[in-house]
Amino acid sequence: MSAEYATFGLAPAMRAGGVLANGDYQVHRDFVDFIVDGRPLLFQLSDLDAVSPLASDVPPAIFTAQVRSLLLEAEAPLPGGRYVIYGCPDCEDLACGAVTALIDKDGDDYIWRDFAWQTDEHADLELNGYHGIGPFRFRATEYRSALGSLLDRDAEAPRRRVLLIGARVALLAKLAAALRTIGIGAEITHDVSGVAADELRTYGAVAFGRGIGVEQRAAVRRAFTDAGIEVAYVDGLAPIVPLLVAQIEHALDRSPAEQRRLTRLVAADGEAGVEVTSPCRVRLTAYRVDRLYRTHAHEVFDGVLEAGRHRIALDARAVKGESFVVARTSGSVLVEVMAR
């Protein structure tokens with residue numbers, strides 16, 4: 001076993017929720033990812049739609065138990081001393097598949113090794129092992145400090161509520177319903193004056209409709225500033241619910257920019273420019289509203305891209321008139337107006 005040390009850290013991450021082009025919903029999940037040698041471990045394995053067991057929406061007692069388990073202060077949850085590193089974002093069923101590993105101690109060092117894809121109680125390393133990944137040897141002080149910091153959850157708890165401010169009540173109601181369906185709280189208002197700071201502090205983003213004027217926007221921003229609260233602001237691009245959900249998902253992304261998989265999207269002249277930092281599945285969806293105010297959604301690309309920059313031609317019918325492009329990976333979302 002290699003004596004070289006890997007660095008260990010943690011960073012906020014998310015499984016991006018959304019309303020997909022086919023009408024399906026994908027649930028939003030906030031979690032803490034493992035950063036090994038400066039990169040999310042999830043990116044080093046494969047293009048998985050998965051979350052770590054350190055998810056923000058699990059009950060505090062279970063979250064604490066997960067942390068203590070990774071610190072080897074509790075029994076391994078799986079036979080053979082194996083631990084779940086990443087699992088299904090929609091349930092806790094091992095049958096959906098999970099990335100597992102052995103976690104051992106060698107002196108004061110912690111070692112993660114024998115990574116595998118596991119769908120039942122016993123892992124088959126020969127058939128389903130992640131060969132070439134690990135072992136990783138972590139210094140105890142760095143490892144314990146990072147995980148120990150999670151036991152004080154209040155300071156890092158994500159704010160998964162959104163304040164919706166707009167003139168079209170019916171649209172806001174549909175948007176709020178869609179957000180709640182994917183696990184994001186949403187409230188509708190026109191005026192935040194007089195709202196207590198403790199209430200404002202529960203919001204992670206404020207979304208403005210196109211009909212909200214400059215003065216009203218400024219008043220809302222001033223209320224949050226006076227309360228000493230930093231919040232993301234979203235200027236709604238069009239009255240299209242899936243598009244607005246994608247904008248809000250991007251605003252709620254707390255992961256460090258340098259550790260995101262999807263880092264760039266441009267849309268112009270019938271093409272989309274996309275940049276990813278590791279091989280992953282990318283879906284591009286075009287949205288537009290026609291002259292009769294009907295919404296049109298077209299999935300214009302769905303495939304695995306290698307790390308780097310890519311130019312993708314888009315169907316001209318999907319991006320005619322005022323249109324918008326959404327790029328989506330399992331962990332992030334970007335939105336751009338189609339420039340002419």
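The values are calculated or read from the model by the stated rules, or taken from the named source; none is laboratory data. Every value quoted in this text rests on a predicted model; they were computed, and no experiment measured them. Don't worry about glycine lacking a Cβ; one is built from the backbone with ideal geometry, like all the others, and counts go over all protein chains shown. Side chains are part of the model used for accessible areas, which takes the heavy atoms of the whole protein and leaves out ligands, DNA and RNA. Shrake-Rupley method; radii C 1.70, N 1.55, O 1.52, S 1.80 Å.
Loop-located trypsin sites (Lys or Arg not before Pro) in segment 108-186 (DSSP state not H, G, I, E or B) with no more than 15 neighbouring Cβ atoms inside 10 Å: 139, 153, 168. Between the helical axis of 214-226 and the dominant principal axis of the chain, each derived from Cα atoms, what acute angle in degrees is found, rounded to the nearest 10? Roughly 30 degrees between the two axes.
What residue among 307, 55, 123 shows peak mean-square fluctuation when the chain is described by a Gaussian network model with Cα springs under 10 Å? Among 307, 55, 123, the largest GNM mean-square fluctuation belongs to 307. Taking each residue as 0.36 nm, the span from residue 320 to residue 168 lengthens on full extension beyond its C-alpha to C-alpha distance by 52.2 nm.
Could you give the longest part of the chain that holds none of the chymotrypsin sites (Phe, Trp or Tyr not before Pro) found in DSSP loops with at most 13 neighbouring Cβ atoms within 10 Å?
Details: sites that count: 5, 293.
Result for the longest clean stretch: 6-292.
Principal axis extents of the C-alpha atoms in the chain (largest first, rounded to whole Å): 66, 49, 32. The apolar share of the surface of the chain, taken as the fraction of accessible area on carbon and sulfur atoms (1.4 Å probe, ligands and nucleic acids excluded), comes to 50 percent.
Candidates 246, 81, 211 compared by Cα position along the dipole of the chain: farthest toward the positive end lies 211, with charges placed on Cβ. Rg ratio for segment 130-202: its Cα radius of gyration over 2.2 N^0.38 Å, N being its residue count, equals 1.82. The calculated FRET efficiency for the pair residue 65 and residue 221, based on their C-beta separation and a Förster distance of 41 Å, comes to about 0.50.
For the chain, what does the relative contact order come out to in percent, with C-alpha contacts under 8 Å and a separation of six or more? Don't skip to the answer; put the middle values down first.
Working: 717 pairs, mean separation 50.7, N = 340.
It comes to 15 percent, rounded to a whole number.
Diffusion of segment 256-340 by Stokes-Einstein, at 4 °C in a medium of 1.567 mPa s and with Rh set to the Kirkwood radius over alpha-carbon pairs, works out to 100 µm²/s. Think of a 1.4 Å ball rolled over the protein heavy atoms: the chain then has 48 Å² of accessible area per residue. Under 20 °C and 1.002 mPa s, how fast does segment 8-152 diffuse according to Stokes-Einstein, given a Kirkwood radius computed over C-alpha pairs? Answer in µm²/s, whole number. After rounding, the answer is 136 µm²/s.
Based on alpha-carbon atoms, the Kirkwood radius and the radius of gyration of segment 6-51 give Rg/Rh equal to 1.09. Taking amide H as placed 1.01 Å from N in the peptide plane, residue 331 has its amide H under 5 Å from the amide H of 16, each at least 5 places away in sequence or on another chain.
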